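Everything on this sheet refers to the single structure shown next.
The values are calculated or read from the model by the stated rules, or taken from the named source; none is laboratory data. Source: prediction; values computed, not measured. For neighbour counting, all protein chains shown are included, and Cβ atoms are generated from backbone atoms with ideal geometry for every residue, glycine included.
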Amino acid sequence: MFLLLAMVVLTLGVWAGAAQEQNSCLICHSEIKVDYLESVHTGFGVTCIDCHGGDPMTLEMQKAHALEAFFRGTPQRTEIPELCASCHSDPVKMKPYGLRTDQYAEYQTSQHGKLLAQGDTRVAVCTDCHTAHRILPAWEPRSTTHPENISQTCAQCHSQRDQSVHSAALAQGNTKAPTCATCHGVHGAAPPGVADVSKACGMCHIAERTHFEASPHKKPMDEQSIPECVSCHGSHSIEPPDRKLFDMVCTRCHSASSKEQLVGQKIKTLLVAADESLREATQLLEQAQQRAVDVSAYRSRLIEARSYFLQALPVQHSLDIVHIEELTRRAKSIADDVRGGLHSLQGVFTVRLLGLTLVWIFLLLVIVVISLVLRERQGERL
Amino acid sequence: MNALARVRELLRAELRQQAPYHLNLWHLLGGLTLFLLFLEITTGILLMVYYRPSADEAYESVFYIINDVQLGWLIHGIHGWGAQLFILLVLVHVLRVYFHEAYRERELNWVIGVVLLLVVGAFAFTGTLLVWDQKAFWGIDAVRRVIADVPVVGKAILYFLWGGTELDANALLRFYVFHVGLLPWVAIGLVMAHLYLVSRQGIFHRSGVGAQTSGQTYGDVALRGLLLVVLSFGIVLTLAVIFPVELAGRADPLVYQSVKPAWYFLPAYGLLKLVPKAAGVALASVGVLGLLAAPWLGRNSWVAWGLGMLGIAIIALLAAYGWRW
């Protein structure tokens, strides 16, 4: 009897709990049901009333939307950051999920946040980037904040959509490639100032930045407030580094016959020569590998040559001709050695053919001997 | 008399026996495939010394064999080209037996021979993946996709052969086990049964087994066979030296590559291109069953000849279609 009573109480308890979790909002607002159910909030028990207020237990619209039920409807754009921050800036609430709580503080320092504080409601608020109801974690490929989608998300307002080598890398699936947020910041988004451009690029291109800062370009560009990296490479349409840049960008500031332009051309010549030698050596090595020749010694030499060349690439930003010449000379010299060695491997094929000929001579001898024995046996039979 | 002398005496007695008069070079093809099986097993054992059957190391170990191991490229080349010649000679041997109607009164041996042909195909199929390069990976994956579409038994076959529904390290290990641990024993067992039945039932001739003799002994026949062995070894060696087997880059499951199968799988490839996959598998199975049932289907010489020519024409057309598309 006691057991039966306990079961009834337990069943009623479960039923009551289920009733408390009932969310009747989605019955009328069915158009957002799919979005909401996919959202990361759903899994963590964040329901409609947490943002919109109201009574989710009733099916009557007036009761559900009553002011007594603290119904606030669609939040104003100016209210949204603060509303999201009511949870996301609370360390106690965010701790179980291991989430940061400084996004709102960062947002307030961003260009978006500052303009919003001035009453400009056209700027981005949380829901513009994260969406209102279909909020997905950034690692989820369908998320508007996934690295591959960020460019598109920012482009909803900003026309300068990233069409650079970086976005091409992203499109190829390299999620480590920089997005808008890498250079401009995430919640504290702001355009890098002239003096900060090299810092933004230098976060990844560390060696380039170090060499640039030691170059004769640094001081005059800072003095004249000329942006550093983007002056030559562009900002949102950065193309893959190409030797043609030496012909195209140096003359923007230096005359075609100037000493500086000659330095640029000298660097270009050194890099092109080393690059061509490396390419040819690599091609020869691949051909030899396909013909099953032992190229292990040349492979490691070529890696060494390539590492010198890769060192020379950032050093070119220092305009230090002596240093660049030293590195490219080493790269070219080793690559030329490898090319010579690989050409001499043609001898290996000759040796192989010679060996094959000798084997065939032996095999033909065996065939002749067997034929003679067969003929002799046939003679004996006759 | 010690054992060695006894064996020598037995062998000598066998070789001195009179051979049937109709025995010619065509009849030696079966024996030649035996030599190539021996060559494949020997070179295969040498390759096993350096080969690593794991997805992380397989390609690198084959690369190492080809580029760094002393004469590794030659052993690998002989294994690859030897396999191709092996398959070619097995096919020619089957055709010879069929068109000579040598399966008559030897139905069981014909069935064993057809099963051996399938085992040789399985050798080639499983061996292809072991290189773990792009060509091998996407070639075998194409077959996986075909099998996955086979109703009812498709998934069961995949779980048995691939170790799952995807082509991954499990499949590589299983293919390796089949290639070096299971198929050689099956092949050796079937070859022994095949040879036993040949020796017991004799070599077929329309006018009766060994009805006439030309004075030639089995010793003479063995010497002629040795000539073919020397010649075929020379051909395999030449192909291995002049056209070493190339690798097509490490297998990358994220970078799709469209590949055509080896020439011996072209008819099956053509068939699957021509008809829906499940129907293609069904038709190929019917073809194999037809081959197994050839002694019963071709009781009449004209019917046998007609079916044989029709089969060859269909296979050639399918191969041409597979090669073209």
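Assorted remarks:
- Output for segment B:44-60, where each listed residue is more than 14 Å from every other protein chain (Cβ to nearest Cβ), part of a helix (DSSP H, G or I) and buried (at least 16 other Cβ atoms within 10 Å of the Cβ): B:GLY44, B:LEU46, B:ALA58
- Flag if B:VAL191 is crowded, with 19+ Cβ neighbours inside 10 Å, assigned to a helix (DSSP H, G or I) and not charged (D, E, K, R): no
- Those helices (runs of 4 or more DSSP H) lying entirely in segment A:143-186 with at least 2 residues within 11 Å of the chain's Cα centre (by Cα), crowded, with 18+ Cβ neighbours inside 10 Å and modelled with pLDDT under 85: A:165-171
- Yes/no for B:ARG174 being away from chain A (no Cβ under 14 Å), charged (D, E, K, R) and under 30 Å from B:GLN17 (Cα atoms): no
- Subset of segment A:276-321 [acidic (Asp, Glu) and within 16 Å of A:LYS332 (Cα to Cα)]: A:GLU276, A:GLU280, A:GLU304
- Any hit, segment B:300-317, residues being farther than 24 Å from B:PHE35 by Cβ, surrounded by 15 or more Cβ atoms within 10 Å (Cβ to Cβ) and modelled with pLDDT under 90: yes
- Any chance A:PRO314 is touching an Asp or Glu at 6+ places or on another chain (Cβ under 6 Å) and either loosely packed, with under 14 Cβ neighbours inside 10 Å or closer than 29 Å to A:GLN163 by Cβ (or both): yes
- Residues of segment B:1-43 classified as touching a His at 6+ places or on another chain (Cβ under 7 Å) and closer than 20 Å to B:MET192 by Cα, total: 4
- The residues of segment A:340-372 that are surrounded by 14 or more Cβ atoms within 10 Å (Cβ to Cβ) and touching a residue at least 24 places away in the same chain (Cβ under 8 Å), listed by number, are A:GLY341, A:LEU342, A:LEU345, A:VAL348, A:PHE349.
- The residue list A:ILE267, A:ILE238 contains one member that is part of a helix (DSSP H, G or I), of a type outside the set (Ser, Thr, Tyr) and surrounded by 17 or more Cβ atoms within 10 Å (Cβ to Cβ), which is A:ILE267.
- Qualifying residues in segment B:223-252 (those that are buried (at least 18 other Cβ atoms within 10 Å of the Cβ) and of a type in the set (Gly, Ala, Ser)) - the one nearest to the other protein chains (Cβ to nearest Cβ): B:GLY234
- Condition met for B:ARG224 (charged (D, E, K, R), outside any loop (DSSP other than H, G, I, E, B) and free of Cβ contacts under 8 Å to residues at least 12 places away in the same chain): no
- A single member of A:ALA66, A:ALA105, A:ALA85 is surrounded by fewer than 16 Cβ atoms within 10 Å (Cβ to Cβ) and under 29 Å from A:CYS25 (Cα atoms), and it is A:ALA66.
- Cross-chain or 6+ apart pairs with Cβ under 8 Å, segment A:313-339 first and under 11 Å from A:LEU302 (Cα atoms), then surrounded by fewer than 17 Cβ atoms within 10 Å (Cβ to Cβ): A:LYS332/A:ALA273; A:ILE334/A:GLU304; A:ALA335/A:GLU280; A:ARG339/A:GLU280
- The residue of segment B:253-267 that is nearest to A:ARG352 (Cα to Cα), among those that are surrounded by 12 or more Cβ atoms within 10 Å (Cβ to Cβ) and among the aromatic types (Phe, Trp, Tyr), is B:TRP263.
- Against the test of being under 30 Å from B:TRP325 (Cα atoms), touching a helix residue (DSSP H, G or I) at 6+ places or on another chain (Cβ under 6 Å) and at pLDDT 80 or above, the options B:GLY249, B:GLY219 yield a single qualifying residue, B:GLY249.
- Selected residue [of a type in the set (Phe, Trp, Tyr), part of a helix (DSSP H, G or I) and away from chain B (no Cβ under 11 Å)] from A:PHE309, A:PHE362: A:PHE309
- Flag for B:ARG250 being out of contact with any Ser or Thr (no Cβ under 6 Å at 6 or more places or on another chain) and in contact (Cβ under 8 Å) with a residue 60 or more places away in the chain: yes
- Against the conditions (1) over 28 Å from B:VAL245 (Cβ atoms); (2) surrounded by fewer than 21 Cβ atoms within 10 Å (Cβ to Cβ); (3) small (Gly, Ala, Ser), B:GLY121 satisfies every one except (1).
- Selection from segment A:244-270 of residues that are closer than 21 Å to A:ARG329 by Cα and among the β-branched types (Val, Ile, Thr): A:VAL263, A:ILE267, A:THR269
- Residue match in segment A:38-49 (condition: more than 27 Å from A:GLU106 (Cα to Cα) and either at pLDDT 85 or above or not in a loop (DSSP other than H, G, I, E, B) (or both)): yes
- Just one of the listed residues (B:TRP138, B:TRP81) is outside any loop (DSSP other than H, G, I, E, B) and away from chain A (no Cβ under 14 Å), namely B:TRP138.
- Residue match in segment B:213-221 (condition: of a type outside the set (Phe, Trp, Tyr) and more than 14 Å from every other protein chain (Cβ to nearest Cβ)): no
Condition check ((1) modelled with pLDDT of 95 or more; (2) part of a helix (DSSP H, G or I); (3) within 19 Å of B:TYR256 (Cβ to Cβ)) across all residues:
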{"residue": "B:ASN109", "(1), (2), (3)": "no, yes, no"}
{"residue": "B:VAL152", "(1), (2), (3)": "no, no, no"}
{"residue": "B:PHE160", "(1), (2), (3)": "no, yes, no"}
{"residue": "B:TYR176", "(1), (2), (3)": "yes, yes, no"}
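- Verdict on B:VAL69 being surrounded by fewer than 18 Cβ atoms within 10 Å (Cβ to Cβ) and among the hydrophobic types (A, V, I, L, M, F, W, C): no
- Exactly one residue out of A:GLN378, A:GLN346 is at pLDDT below 90 and more than 14 Å from chain B (Cβ to nearest Cβ): that is A:GLN346.
- Some residue of segment B:21-43 being in contact (Cβ under 8 Å) with a residue 24 or more places away in the chain, surrounded by fewer than 16 Cβ atoms within 10 Å (Cβ to Cβ), within 14 Å of chain A (Cβ to nearest Cβ) and farther than 15 Å from B:VAL198 by Cβ: yes
- Checking B:LEU227 against (1) in the same structural domain as B:TYR103 (by TED's automatic domain parsing); (2) in contact with an Asp or Glu (Cβ under 7 Å, 6 or more places away or on another chain); (3) not small (Gly, Ala, Ser), the condition it does not meet: (2)
- Condition check for A:PRO91: modelled with pLDDT under 90 and either more than 19 Å from A:ALA190 (Cβ to Cβ) or polar (S, T, N, Q) (or both): no
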